[in-house]
Every structure is written in C-alpha cells, then in structure tokens.
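This report concerns only the one structure given below.
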Amino acid sequence: MLARQRAHMASELAFVYPIDLSDDGWVICGLRLARADDIRGWASGEQTAAALGMVSAVVDQIAQSMGVPIRFPVIPRGSRSVIINPSSATVQTAPLFMLRASDRPRLRTAMRQLAADIEQLLCMFGINDIDRHQVLPNLTQLLLAIESSSFA
C-alpha cells in the first residue's frame, strides 16, 4: 500500500515538474538547468535558479514521503532555494542561485550537494551506476524507480 502511494506521488511530481530532453539539453518545466560555470548574465542565472528550485522541491518531497533524512537537506524556496551542509563545524547554507559572479563557487558546491542527495535516494533503489553531473536525468531515473517499485 505504501509503495503504491509513493508511486502515485512520483507520478504526480513527474506531471507537475515535467523533465524532458529538448534540443538545448535536459529541461524541467521547460527551463534549462545550466552548469554553474555556464551561467552568463541575469536571465541565464534566473532560469537556472528557477530550475534548481524545482529540483530541490522534488527532492525534498521525495525524501519526506520516503522518510529518508538526506545528507544535505534542502529548503525549497522557488528560485531562492538553499541547501544545508550540516556536516561542517557550524551548520552552513549554500544558495541554489547566483546573484553575482562571486557566488559561483558556492553555487557549484550547492549543485554538487543536490546531486549527492539524488544519488543517495537512487542508491535506495539499488541504482549506483550514475553520472553525478547529470542532475535531471538522475532525477528522472529516481522518479521512474519509485513508480516501478510499487509493482515489485
């Protein structure tokens, strides 16, 4: 019963936050998720921030519904989402957005931590062979794994 509820939740998340492969690469809700080093200008930064906000919302929802404490908790706030690093001496947050060029290293770190959260959730389904730099394909794989787990 619980597996079916999780599968339904994954299906709903995939409907609300559609992830597709377009001519420009992988997109979520039509927004391209650029690498931190590829962000040039305000529009590109805002698009990436909005896409990361959607990814963080999906990851947070999955983790909560599965009762999994993810390694780097996220605080979904749309295009101003943040990720928490509780393993440092003091709890630190890193932005999943970039307001100025000096934010690029922290954004790069936050994106790696978000990818690690997705990898952690994928490992729960025995999926270990992933490309850590491919956030949206990995998130798609996670949603499909949750959906198919209800039939196992």
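Worth a mention:
- Neighbours by Cβ (under 7 Å, 6+ apart or cross-chain): first from region 1-30, free of Cβ contacts under 8 Å to residues at least 24 places away in the same chain and under 17 Å from A50 (Cα atoms); second open to solvent by less than 40 Å² (accessible area, probe 1.4 Å) and outside any helix (DSSP H, G or I): D20/V27
- Only residues that are open to solvent by 30 Å² or more (accessible area, probe 1.4 Å) and either acidic (D, E) or farther than 16 Å from I118 by Cβ (or both) were counted across region 61-84, and they come to 6.
- So L107, is it under 17 Å from L33 (Cβ atoms), in contact with a strand residue (DSSP E or B) (Cβ under 6 Å, 6 or more places away or on another chain) and open to solvent by less than 30 Å² (accessible area, probe 1.4 Å): no
- Looking across region 92-123, the residues that are under 24 Å from P69 (Cβ atoms) and among the small types (G, A, S) come down to A94, A110, A115, A116.
- Residues that are under 22 Å from E119 (Cβ atoms) and open to solvent by less than 50 Å² (accessible area, probe 1.4 Å) were ranked within region 32-48; the one that is modelled with the lowest pLDDT is A36.
- Cβ-Cβ under 8 Å pairs, at least 6 apart or on other chains, region 52-70 side closer than 19 Å to P86 by Cβ and polar (S, T, N, Q), far side at pLDDT below 95 and open to solvent by less than 30 Å² (accessible area, probe 1.4 Å): S56/L96
- Number of the exception - I70 against (1) within 19 Å of I28 (Cα to Cα); (2) assigned to a loop (DSSP other than H, G, I, E, B); (3) out of contact with any Lys or Arg (no Cβ under 7 Å at 6 or more places or on another chain): (1)
- Residue check for R108: assigned to a loop (DSSP other than H, G, I, E, B) and either under 15 Å from the mean Cα position of the chain (by Cα) or of a type outside the set (S, T, Y) (or both): no
The values are calculated or read from the model by the stated rules, or taken from the named source; none is laboratory data. Please read all numbers here as calculations on a predicted model, not as lab measurements. When we count neighbours, we look across all protein chains shown, and the Cβ atoms used for this are built from the backbone with ideal geometry, even at glycine. When the accessible area is computed, the model is the full protein with side chains, heavy atoms only, and any ligands, DNA or RNA have been set aside. Shrake-Rupley method; radii C 1.70, N 1.55, O 1.52, S 1.80 Å.
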